Structures are given as C-alpha cells and as structure tokens.
Amino acid sequence: MKLNKQDIYKALEKISVSGEGQNMVESGAVKNIVTFGDEVVVDLELTTPALHIKKRAEVDVMKAIHEHVYAKAKVKVNVKVNAPSKPKNEIKGKPIPGIKNIVAVASGKGGVGKSTVTANLAVSLASKGFKVGLLDADIYGPSATIMFDVERERPLSVQVNGKSKMKPVENHGVKILSIGFFTQPNQAVIWRGPMAAKALNQMIFDADWGELDFLLIDLPPGTGDIHLSIMQSLPITGAVMVSTPQNVALADAKKGVAMFRQESINVPVIGIVENMAYFTPEELPDNKYYIFGKHGAKNLAEDLEIPFLGELPLVQSIREAGDIGRPAALQKETPSAQAIEAITKQVVQETVARNEGLPPTEAIKITTMAGCSAVKK
C-alpha cells in the first residue's frame, strides 16, 4: 500500500506532545514526513530532553499512524531535542551553598514506606560515589535515627566562618539531621506549625552540610504546613512520590502530585516509586503475589505523564534492615538491593534530565493562610 503524506499529517493532528496543549502539527513538533510505499519516516523536534516524553512521543506517532492510516505501516520516528536556553536569573529564595540537588520524597498518605524508600535511596546514592545528605522533615514521626542506627548520637557544634553550626551525624556515607536527635524516644512532638517550621529552618540553614550532590528531604505524609514551610525555605530541585498500588493510596498520591504541580508552587515531579508492589516469599523467590493490586502506581504515572521510577517488593528483609539501622541497599546482590539500585539510577537520570530541560525552581512565599505564590523580585 502506498501511504499518503496528507493522511499522516491528519493523523498526527490528533495527538500532542506530553505537557503541550497544541497538537503535534500545530506546535511545530513535526518537522518532516517522508513516505515510500508502506514505509514512513517522521522527524520530530521536541523542546524537552526528558526521556519519558521522547519515548511517549515516539509511541504516540506510531500508534496514530497505525490506527488512522495503515495498520501495517512500517514507521520510523527520528526525535531531535532543541531545548530552550535556561534563563540567566539566579535561584530565588535561600539556596544552601554547596548543595547541588535538593530532592523531596513525599507521599499522599502514611504507611506506604516513604521513609524506607528515602533511607535506601540515600544509601544507594552514597554507594555510587555521590555526596548525600538526608533531612528528616517528618517532625511528628521522625524515623531516620532508627533506620541509620544513630538514635544515641547527637549532632556536634562546629564553627564555620565564625558562626556556630550543627554538624550532621553520619552513617553509611550519609549525613543525617532529624528532630529525633533532639527528643527522647518516648517523647511526643506537640508543636504548632510556626514552631515546627522554626525547627526545620534551623536544621536546614544552621547546619554544616558541606558539599552535597543530593540532599534528600523526607517529608511527612499528606499536603500540609510542613510541606509549604520546606518549599518556602528552599528551591526544591524535584519531588519523588512514593505510593503503594491500591486505590486508597493512589488517590492520595494523586493529590500529592497536584500539590507540587500547583501553579504557585511549581516543583517538578521527578517520578513515582511503587512500594510494596508485590510479595515474594523467601522460600519461593520466583513467585510474585500482588497483595495490594498490580501496577497501580505505574498506571498512575502514565495517567499523570510523570516518569515511573520502579517498584520495590514487600519482603521481610527490607523491613528488618530498616529496623536494625542497616538499610536493605547495603545487602549487595540481593533482589531488594538490585531493585533499589534500579530506582536510584532512574532518579539520577531524571534529575539530570530535569536540570538540563528546566530552569531552577523558585522558593515560594506564603501570602495567606490559604495559599502561596512564587517569589518575585
């Protein structure tokens, strides 16, 4: 069958590049179409280097041609990236000198293993040679001290440029600060928002973090005051969402993504991690039981057009490792450690793509009790 170029243009008018309103033809993404018999070559030019958007565009073009022109067409898609130059303005807010990337790890609801994912991600990054810090911002339920076996440690006071600073506690190659260092194990933190925000600011700006490639922030569950305080204080590079596969967790994860995407906040979502994706018994390592549902977070990532960073199984060793302060990422060559390593690689890859394709994130300014707006100079 001989393909008609105009039919192909009409088919491509039915789809758009992820994140853009206009269709591919109107937006100028389609640069050229060449047909020869039942073969067609489509040249695309995109404005973002993000790998998941490039792949999505390629798949959408093939699907459109097969559905609307000819099901057996041999389609080749050439994708070229022409990203706009980044603005030269400085990051607004209060960036911490020496810290290259600040990644917030969040979840829509509690109990999905967000702190476990954060701890393992931090250890995995450190094992790859990155300089890593972890700020446990879960003021009311800190757990980093347990997961890194540093409950009895206390940050020391050091002098930096004539100022007294807290020196983070370090274990497994990760620098750690948590409100858990300053409270008793059986003591509940009962603070109103302003007091919690003040404590966070002290741990952020009165700390000697040194040079870091990544500062991971373990946020509390939900979308509340602590989240706004963090994003008011710091220009966050991006956010990683953690969810389990069931609908109840996914509904809240969707709200978490919506919070970061809100126009007045505008923090890029690096991707979503599916925790407790399946259960594998130790005696049957090849068996997978999808207790909480199958691929729920993966499907949510596709619906929201954000990268899927990977899945972690529900296995006893991950829980035990966290409880004794040796995150599962340290257990080299185990399936759990390999899953964590795959997620870590995706986080690094998406962070690099985010920094190449988007300008720096601005810190936000709280304007009313009900909302916030971007800082304007």
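The values are calculated or read from the model by the stated rules, or taken from the named source; none is laboratory data. As the structure is a prediction and not an experimental result, all values here were calculated from the model. Cβ coordinates were reconstructed from backbone atoms using ideal geometry, including for glycine residues, and neighbour counts include every protein chain displayed. Surface areas here come from the heavy atoms of the whole protein model, side chains and all, with no ligands, DNA or RNA. Shrake-Rupley method; radii C 1.70, N 1.55, O 1.52, S 1.80 Å.
Miscellaneous remarks
- Residue match in segment 155-167 (condition: among the aliphatic types (A, V, I, L, M), free of Cβ contacts under 8 Å to residues at least 40 places away in the same chain and touching a Lys or Arg at 6+ places or on another chain (Cβ under 8 Å)): yes
- Restricted to segment 301-333, and to residues there that are within 14 Å of the chain's Cα centre (by Cα) and more than 19 Å from Lys345 (Cα to Cα), the residue that is surrounded by the most Cβ atoms within 10 Å (Cβ to Cβ) is Leu304.
- One residue alone among Pro245, Pro220, Pro235 is buried (at least 17 other Cβ atoms within 10 Å of the Cβ), at negative phi, in a loop (DSSP other than H, G, I, E, B) and touching a Ser or Thr at 6+ places or on another chain (Cβ under 7 Å), and that residue is Pro235.
- Selection count, segment 282-300, where residues are under 17 Å from Ser107 (Cα atoms) and surrounded by fewer than 15 Cβ atoms within 10 Å (Cβ to Cβ): 0
- Breaking point among (1) under 30 Å from Thr145 (Cα atoms); (2) assigned to a helix (DSSP H, G or I); (3) at pLDDT below 85, for Thr361: (2)
- When segment 21-34 is filtered for residues that are surrounded by 15 or more Cβ atoms within 10 Å (Cβ to Cβ) and at pLDDT 90 or above, the ones remaining, listed by number, are Val30, Ile33.
- Sole exception among (1) at pLDDT below 85; (2) over 14 Å from Lys80 (Cβ atoms); (3) open to solvent by 30 Å² or more (accessible area, probe 1.4 Å) for Ser18, by number: (3)
- Failed item in (1) within 28 Å of Glu341 (Cβ to Cβ); (2) part of a helix (DSSP H, G or I), with Glu283 passing the rest: (2)
- In segment 94-140, the residues that are among the hydroxyl-bearing types (Ser, Thr, Tyr), farther than 20 Å from Asp252 by Cα and either at pLDDT below 90 or buried (at least 24 other Cβ atoms within 10 Å of the Cβ) (or both): Ser124
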